[in-house]
Each structure stands twice: as structure tokens, then as C-alpha cells.
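Below you'll find the structure, written out as C-alpha cells, and then a few comments.
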Amino acid sequence: MKRNLIMLVPGLTRVTSTAQLSEFTEGLIAASERIPLTPIAAPTIPPGVQRLRATTAGQEMELDLVEAYWNDLVPSITQQTLKTRLARGFSLIWFWLANLHIWKGVLRRKYLTFGLTLSALAFIVWYLGTIILFVEAIEPAADNPFFPLVEELKRSVEYIGGWRIWAVATAIVALMPVSLLVDISDFCKRYLTNEPAARGKPAVRFEIIRRVREQLQSSLALENYESVTIVGHSFGSVVTVDLFADLPSFGTPVRILTMGSLIEVLGKQAPWLQNEVLELSQRDDLIEWIDIKSHSDWFASGSAVPEAHNCYERVIGSYGTFPDKIAAKVHSRYFDNQEAVRFLLSYFERQDSAKVCKNEEALEPA
């Protein structure tokens, strides 16, 4: 029985390891129309592996699904002290809002621009709240020379905290995952600029790349797989491209699928990421790179894959209400999207169809 490896490189989500792998596996089973997928339970299956039996063109194969978990390496700015949040928040405003590179081409990606604008509003709401808490925590003595200034600041804070402003803020917070968006903004800056998660540690980017590489090597050691398919979702697409652009060939054909990618817009802040995209597209062992996105996903820009015979972009349909799009729920619904699943499994269907044709040709009389 031939086996193929599918490795999920998930996006930034505050969940435990294997949680997204389970969601990914269940989504494939539910959304696969052309290829029936059946879970396999056996004591010989290694820990952390979800094995599926796929039947296509009268042939059977097995798919080993694994997850390259890295979310535990990501710091959370929203859980830091007030002083840290205040200082870090200012650097994020300068990096994201004051830098005009990221806003170039807004008319060409109006859906993403709307999503980014909402994210910026959510960040401003969070930062205003941080400023208010910080100012209210200051209690200088009456004879302190800064006492009048602090009192003036507190009066200004009372105005900022007026009910009209916070009525709007409450609506934004209710509709959007503000804490997650703030953490993502902070993490993206750290990753793109090679910042560490904490003082004295290596850059968080290099820690994540090392973790994913080690998990890939451990998975490849389990079997002599016929092919390796890497599925990078959301920021996981950045990690996937960053790793495989420089990873030496390991003797097995490689497929890359990026879903809900942010690479095109993040590449405007980090030119090195654009170079990694080009390097990956030129890998000798790359069978194909399919970049999948949806216009209903307001938090994805695509990967800007270069035009090549084995690299292409696919836009899929995806339903979502207005609140779903604002809350990034559409962004998390690629795993059970029938079009996305069909692209993921298309390679295995083609392989078995080609095998059947060869067998039929061999049976024909000379």
C-alpha cells in the first residue's frame, strides 16, 4: 500500500497541538466529494498521525496527516504588563499604520483593504484602552512637579472614555476578535523584522522555522512516502514559504498549497519575503504550488505566486455573512471547503488515473 504525507502548517490560533489537525482531518473527510476518505485506526500508527484511506479510480492509497505545531512559540502582547503594552503598541502603530508601503494597491484588493481597515480600528480601540488604563494607574504625590500634568491627562482620558466613543468601541470589540488581531499584528512585526519573543532569545522566526523543520524530518523518517504535500494556512503559508524556499531537496516530490495567505501584503513590508516566494517557485522537486484564496475572506491577500507551469492561483467560492467576514470566520473555513479540498486531493486523483491507464494499456493485446 503506497502512502503520501500531508503536513499542515497552521496559522496563528490560540489552540493546543493537534486541535487544528483534527479540524483539518474532519474537514477533508466531510468535504471530499470525488475521493472517499476513511479514517484508519490501528495500534501501529505513530502518535500524532491521522491516517486516511483514499479510494479513487478503483485504486486505494493511504494518506498520513500530521501537524507542524508552532503556536506555543508566539508571545501574547495582550497578556503583558501595561507598560510593555503601551511601549509595544506605539511601535506597532509606527510599523503598520504610519508605514505607507502596506497600503499600496488598496484599490486592487478592496476586500482585504476593508478587512485591514477594520483591523486597524480594532487595534486603535485596544491601544486607547491601554493608554486609559496606564494613565489612571499613575498616582503621583500632590507635591510632585508632574502632578498638574497627570491631572490634566486624567481629565483628557475622561473625555476619551466618554460614552459616545466607547459605544462605537464596544461595537467593534463585539464584532471582531480584537485580542487575537492585536497579537497577530505584534507577532507579524516580530517575524518580519527578526525580533525575538523575549530578550536573550533567538529571533522568533528562526525558532519557528527550526521547529517546523524538525517536525517535517521526524515525519519523513516514519515512512518512505511517495510525495509530500504541505498545506500552509493563513500565517502558516508564510512559515511554509520561508522554510521551503531554502530547504535542500530530500528526495521526495513536494507539493505546496497555501490557503488564505497574507504573503502578498506582508511582502510589501518585508522584501525578503517576496524573494522567498520566487526561490520556492524555482525548487527542482516542486511538483506544483496552488495558492488558494476567497474574495469572501477579508483577511487574505494571496501569495502573489509567479506565473509558471506548476505555480498558479485559484480563487474559490466561500459563503459568509457580513458578521462572519468581519469576525474572520470565513478565514478559518478553508479546511471544509469543497473546492479547496478538491484542489488538495487532485494530485492523488491524477496519479491513480494515470496508473489505471497504464495498466489498461499493458492489458491490451499486441
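The values are calculated or read from the model by the stated rules, or taken from the named source; none is laboratory data. Since the structure is predicted, the reported quantities are computational estimates derived from the model, not experimental observations. Cβ coordinates were reconstructed from backbone atoms using ideal geometry, including for glycine residues, and neighbour counts include every protein chain displayed. Just the protein is used for accessible areas: all its heavy atoms, side chains included, with ligands, DNA and RNA removed. Shrake-Rupley method; radii C 1.70, N 1.55, O 1.52, S 1.80 Å.
Observations, loosely collected:
- Any pair with Cβ under 7 angstrom, 6 or more apart, that starts in the range 191-220 at a residue that is at positive phi and ends at one that is of a type outside the set (D, E, K, R): Asn194/Ala203
- Extreme residue, farthest from Asn4 (Cα to Cα), among residues of the range 319-362 that are among the hydroxyl-bearing types (Ser, Thr, Tyr) and at pLDDT 75 or above: Thr321
- Odd one out for Asn4 among (1) farther than 23 Å from Leu262 by Cα; (2) open to solvent by 10 Å² or more (accessible area, probe 1.4 Å): (2)
- Elements of type helices (runs of 4 or more DSSP H) contained in the range 206-304, each with 3 or more residues being surrounded by fewer than 16 Cβ atoms within 10 Å (Cβ to Cβ) and more than 13 Å from the chain's Cα centre (by Cα): 271-281
- Test: residue in the range 139-161 that is modelled with pLDDT of 70 or more, in contact with a helix residue (DSSP H, G or I) (Cβ under 8 Å, 6 or more places away or on another chain) and either under 30 Å from Leu5 (Cα atoms) or open to solvent by less than 50 Å² (accessible area, probe 1.4 Å) (or both): no
- In the range 63-85, the residue that is modelled with the lowest pLDDT out of those that are out of contact with any helix residue (DSSP H, G or I) (no Cβ under 7 Å at 6 or more places or on another chain) and open to solvent by less than 70 Å² (accessible area, probe 1.4 Å) is Thr84.
- Selection count, the range 25-76, where residues are acidic (Asp, Glu) and either over 27 Å from the mean Cα position of the chain (by Cα) or farther than 30 Å from Val238 by Cα (or both): 1
- Comparison of Glu33, Glu60, Glu26 shows that the only residue that is surrounded by fewer than 17 Cβ atoms within 10 Å (Cβ to Cβ), modelled with pLDDT of 85 or more and assigned to a helix (DSSP H, G or I) is Glu26.
- Any chance Ser179 is in contact (Cβ under 8 Å) with a residue 12 or more places away in the chain, open to solvent by 60 Å² or more (accessible area, probe 1.4 Å), in a helix (DSSP H, G or I) and on the phi < 0 side of the Ramachandran plot: yes
- Residue count for the range 313-342, restricted to those that are surrounded by fewer than 18 Cβ atoms within 10 Å (Cβ to Cβ) and closer than 17 Å to Ile29 by Cβ: 4.
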